Amino acid sequence: MTDPVASGLISYPINDFGPAMKGMVIGGLGIFHVFLAQFAIGGGMLMAYFQWLAMKGKEPAARTVRDSYFKYLVLVSFVTGAVTGVAMWFTSIQISPGTIGKMVDVFHWVWATEWIFFWVEVVAGYAFYRYSKILSDRTRLALLVIYSIAGWGSLFWINGILSWQLTPGDWVKSGNIWQGFFNATFWPSLFYRTIACMVIAGLVAAVIVNTMPSLSREDRTRLINRTARFMLPIVLMPLFGLWFLAAMPEDSRAWVMGGSIAMTLFMNIAVGASVLIGGYIVVGLWRQKLYINGATATLLLALAFGASAGGEFVREGVRKPYTIRTVLYSNSIPPEQVAHLREIGCTTGDPFPLRDAASMPNPQLQLGALTFRNQCAVCHTVNGVNGLTHLMGAWTQDQQRMNVAKLQWTKGFMPPFAGTPQELEGLVQFIQWETAKRPPTWPESRDERVLAQIKAWLNEAGTGPATQPRPPQQASATNIPTGTR
């Protein structure tokens, strides 16, 4: 067996989630985890604010809310948040081990620092939860401030790693970790996320205040109005959002400006939900000092979740065709290996057998299934969500061959095909067989003219992404008769 390292592509065992797209699995889990983490960070800040109000005698009822709120905070942050955090790691190594491995390799000490901040956050939070009743007000405030600083510090370090994926900057050439960490989108995304933390925490507080019968209507109104002041930085969100948009690479910005309908749609969802929430906070709660009941607070919190989901979808999507810009394509293939893999094949040295190989009528379909697994399976399924049978099924055979061979030009956010003409033809036959509902027999396609035409199309497409200049066109091979396998 060929050494996978010598082949130029290291294969990892990848879990299959059936009809669920892998990106949807990790994306859904990630959105839930990010929302909980932002609630925990903002919640610590809000509790410190409430503790200060109580100490200064400005809001006596703040003590009651502080204690009740922190129970929710501990339950959500320490239990659910921690579990989903572990689940994120577990899912990441099953879906995109190449990407997460690169991130750990570059930022292992940064991640270790973030874990120390999280450890301090947990210790401070547990100490407050366990001993706050016997502590003085100054000690309570000190613990909440430590908790808040540790939580925000955790965000600080994680933000540098996540923003590096989109804008690694001079790190690509220098390898200097700090040039990668303090990248072009670091500060706008950090400030934007900080405000999101505060808003989410404030809306949760509005929900919790309405569940406390011991508080009078006047107490609840005052507390919600105090919380509105805490959420006022939401007026700065458009500024940081525009700053982030301007700091993006030009091609990434184009995706949310209409280049990708899905990314534009989710961007509009995030913006629209944020505007509605901001308008209610500024006009209704702060200016008019309105009371907000539990149902309305829950609705606003749901809008905040929608805004977070839309924002996270955009943050992930604008990196395309990369998962780490200029370093790894979305299928975890390094750009510099594309030309090499077109010579030796992306399936060369893959040590992991297909689970259902026996159900495939011929070896070419097995080769196509392996090609799908190595190049397509991170973002696509065969017949499920974002399935290739749905995306390619209506194309003719020649369209399938040409569009996959020129993949980065067919869809600008796709990486170039990184395999041999034989693997590409195997993939086309595999998708056609799946589209035909997996018949028991299927003839192999061995026409040399087909392979020559595919090779010509691959050469015309080049090995770079669509963000690079299109290579000069070369003479194509003899046209393939329509319907030739």
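The values are calculated or read from the model by the stated rules, or taken from the named source; none is laboratory data. What you see is a predicted model, and the numbers here were worked out from it, not measured in a lab. Quick reminder, even Gly has a Cβ in these numbers, built from the backbone with ideal geometry, and neighbours come from all protein chains shown.
Quick notes
- Of all residues making up the stretch 47-67, the number that are in contact with a Ser or Thr (Cβ under 8 Å, 6 or more places away or on another chain) and over 15 Å from Ala150 (Cβ atoms): 2
- Taking each residue of the stretch 296-322 that is of a type in the set (Val, Ile, Thr) and looking for partners that are outside any helix (DSSP H, G or I) with beta-carbon atoms closer than 7 Å, six or more apart or interchain, yields Val318/Met248.
- If the condition is being part of a loop (DSSP other than H, G, I, E, B) and more than 18 Å from the chain's Cα centre (by Cα), then the stretch 88-137 contributes Leu135, Ser136.
A quick yes/no check of all residues on (1) buried (at least 23 other Cβ atoms within 10 Å of the Cβ); (2) of a type in the set (Phe, Trp, Tyr); (3) modelled with pLDDT of 95 or more:
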{"position": "Thr348", "(1), (2), (3)": "no, no, no"}
{"position": "Pro353", "(1), (2), (3)": "no, no, no"}
{"position": "Gln375", "(1), (2), (3)": "yes, no, no"}
{"position": "Val378", "(1), (2), (3)": "no, no, no"}
{"position": "Asn386", "(1), (2), (3)": "no, no, no"}
{"position": "Met392", "(1), (2), (3)": "no, no, no"}
{"position": "Leu427", "(1), (2), (3)": "yes, no, yes"}
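- Just one residue in the set Ser68, Ser11 is within 30 Å of Asp137 (Cα to Cα) and among the polar types (S, T, N, Q); that residue is Ser68.
- Evaluating Glu312 against the criteria (1) outside any loop (DSSP other than H, G, I, E, B); (2) buried (at least 22 other Cβ atoms within 10 Å of the Cβ) leaves one unmet condition, (2).
- Search result, residues across the stretch 308-332 that are among the hydrophobic types (A, V, I, L, M, F, W, C) and out of contact with any Gly (no Cβ under 8 Å at 6 or more places or on another chain): Ala309, Val314, Val318, Ile324, Val327
- Enumeration of residues in the stretch 89-110 that are farther than 23 Å from Val172 by Cα and surrounded by fewer than 16 Cβ atoms within 10 Å (Cβ to Cβ): Trp89, Phe90
- Qualifying residue in the stretch 444-457 (condition: under 33 Å from the mean Cα position of the chain (by Cα) and assigned to a helix (DSSP H, G or I)): yes
- Of the residues examined, Ser148 is not one that is surrounded by 18 or more Cβ atoms within 10 Å (Cβ to Cβ), assigned by TED's automatic domain parsing to the domain that holds Thr80, touching a residue at least 12 places away in the same chain (Cβ under 8 Å) and within 18 Å of Thr326 (Cα to Cα).
- Just one of the listed residues (Pro334, Pro353) is under 28 Å from Gly30 (Cα atoms) and without any contact (Cβ under 8 Å) to a residue 40 or more places away in the chain, and it is Pro334.
- Condition check for Ala369: surrounded by 20 or more Cβ atoms within 10 Å (Cβ to Cβ), at pLDDT 95 or above and among the small types (Gly, Ala, Ser): yes
- Among (1) among the hydroxyl-bearing types (Ser, Thr, Tyr); (2) closer than 23 Å to Phe17 by Cβ; (3) surrounded by 22 or more Cβ atoms within 10 Å (Cβ to Cβ), the one test that Thr420 misses: (2)
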